[in-house]
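Inspection log for the structure reproduced underneath, given as structure tokens.
Bear in mind these aren't lab numbers, they're just calculated from the coordinates by the rules spelled out. What you see is a predicted model, and the numbers here were worked out from it, not measured in a lab. Note that we place each Cβ from the backbone using ideal geometry, even for glycine, and neighbour counts take in every protein chain shown.
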Amino acid sequence: MELLEKYDKLSEQLLKTFEGKIERGDAIEPRDNMPDGYRKHLIRQISQHAHSEVIGMQPEGNWITRAPSLKAKQVLLAKIQDEGGHGLYLYSAAETLGITRKEMIDQLHTGKAKYSNIFNYPSLTWADIGAIGWLVDGAAIVNQVSLQRTSYGPYSRAMVRICKEESFHQRQGYEIMAKMMKGTKDQQEMAQDAMNRWWWPSLMMFGPHDGESPHTSDAVKWKIKRSSNDELRQKFIDKTVPQAELIGLTMPDKDLKWNETKNCYDHGPIDWNEFYRVINGNGPCNRQRMEHHARVHHEGGWVRAAAEAYSKKKENI
Ligand code: FAQ
């Protein structure tokens, strides 16, 4: 009994230390004591974020061999390689919480772990590469800038580096769109068509509305999320609409209008049925994305085995 009381007291003290750090805005580091819920929440979010970066390489990879110039191909290759690197920083950040890379990949392959809704849509034309860079990376940056101040140290530090690279990605996407809008009528139509198809899924990237988001209240309490899903979505809309108008694109939302009182854009309703259908495995490309990842992961098994054998050999020298 005495031992149990001591244990309870110690747990209470450790929790107070953790809450004190969160309150003061100190970073939580891997060896710090943290509540189980905090650890689980981060593993879920960071691993899903890592999976998104890696799966996100597929729709863009589809255009490497068909890029319209050598320069465009070089830029696209560099961007896709960056996304793979982001995945690696994030898997490493998640590993500091006590999960292995293998466990995370298994969770992805069995459907236990999600990845961003957006990467389940096909990239049909070169304009889609512009739209992915401009809108998808644009939405990702808005979220990730806010995550630079997230409470978990390794996640926050990964975000600082990732954000620098994402802003280059966003600009290269916008440049593609701007160029196409200055081109022939066919090119302009292609850019508008890409805008129409990617706009709504990009808004969904921020997750359900605040009242419908089950993880937000814990995430805000623990300062994992520094802004809510709706706040970030609004920021993205307000930033993107003038960019679209500047190059002559039409917003695919008839309800979109500037609200003088609120000093931001009002937008039309988001199709949440589509969002849940896609994140639960039934989007246009979910099966294709997972099959590709599982196959390539299997084929790369020998590389992992060789790397492991090499590091073991080095340990023994
Ligand atoms: N897609 O309660 P909430 C990129 C799920 S990186 C799929 O609001 P939370 C770079 C959510 O997991 C893009 N599922 O959840 C790039 C939960 O289900 P669960 C990725 C979503 O975590 C560009 C349920 O709905 N960025 O694009 C989505 O508090 C170009 C309830 O939702 C990140 O992951 C969604 N969009 O808030 C790469 C950023 N939204 O897990 C290549 C980090 C929600 O209980 C090419 N993550 N769900 O089964 C976050 O900030 C958060 O996790 C949110 C969701 C905001 C995504």
Helix 153-181 versus the longest principal axis of the chain: what is the Cα-based angle in degrees, 0 to 90, to the nearest 10?
10
Taking the Cβ of each residue in PHE119, PHE275 as the centre, tally the other Cβ atoms inside 10 Å and list the residues starting with the fewest.
PHE275, PHE119
Degrees, to the nearest 10: 36-55 long Cα axis against longest axis of the chain
30
Helix-only [θ] at 222 nm, the chain, -39500 (n - 2.57) per DSSP H run of 4+, per residue, nearest 500, equals -21500 deg cm²/dmol
Order by neighbour count: VAL220, VAL241, fewest other Cβ atoms within 10 Å first, most last.
VAL220, VAL241
Mind checking the full-extension length gain between GLU189 and LYS71? Use 0.36 nm per residue of separation minus the Cα-Cα distance, one decimal, nm.
40.2 nm
Expressed in angstrom and ordered largest first, the alpha-carbon extents of the stretch 1-147 along the principal axes are 73, 34, 21
Along each principal axis of its Cα atoms, how long is the chain end to end? Whole angstroms, biggest number first, please.
80, 60, 33
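Can you quote the Å³ per residue value for the convex hull of the Cα atoms in the stretch 213-304, rounded to an integer? The partial results should precede the final answer.
Details: hull volume 18.9 nm³, N = 92.
It is 205 Å³ per residue.
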Taking 7 Å along the Cα-to-C-beta vector as the label spot, tell me the LEU256-ALA309 distance in nanometres, rounded to one decimal.
5.5
Apply the Debye scattering formula to the stretch 274-315, with a single equal point scatterer on each alpha-carbon and no solvent, then give log10 I(q)/I(0) at q = 0.31 Å⁻¹.
-0.94
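Quick check on the stretch 87-165: what are the equivalent-ellipsoid semi-axes from the Cα gyration tensor, as sqrt(5λ), descending, whole Å? Walk me through the numbers on the way to the answer.
Numbers: eigenvalues 120, 75, 17 Å².
Each semi-axis is the square root of five times an eigenvalue, giving 25, 19, 9 Å.
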Quick check on my link table: of LYS73/LYS182; LYS179/LYS262; LYS71/LYS182; LYS223/LYS262; LYS235/LYS262, which ones sit more than 24 Å apart, alpha carbon to alpha carbon?
LYS179/LYS262; LYS223/LYS262
Which distance in Å, rounded to a whole number, links the C-alpha centroids of the stretch 82-148 and the stretch 222-282?
20
Rough spin-label spacing in nm, given labels placed 7 Å along Cα→Cβ, for ALA78 and GLU23:
4.8
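If we count other beta carbons within 10 Å of each Cβ, what is the order of LEU3, LEU232, fewest first? Provide the component values of the computation, followed by the final result.
Values: LEU3 7, LEU232 22.
Fewest-to-most ranking of LEU3, LEU232: LEU3, LEU232.
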Pairwise centroid distance, computed over Cα atoms, of the stretch 10-37 with the stretch 166-219, Å:
37
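If the chain between LEU4 and VAL160 were fully stretched, how many nm would it gain, using 0.36 nm times the residue separation less the Cα-Cα distance? Provide the component values of the computation, followed by the final result.
Values: separation 156, 0.36 × 156 = 56.16 nm, distance 4.27 nm.
In short, 51.9 nm is gained.
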Once the mean of 1/r over all distinct C-alpha pairs in the stretch 68-120 is inverted, the Kirkwood radius in Å reads 13.1
On full extension of the chain, what length is gained from GLU291 through LEU15, given 0.36 nm per residue of separation minus the C-alpha to C-alpha distance?
95.1 nm
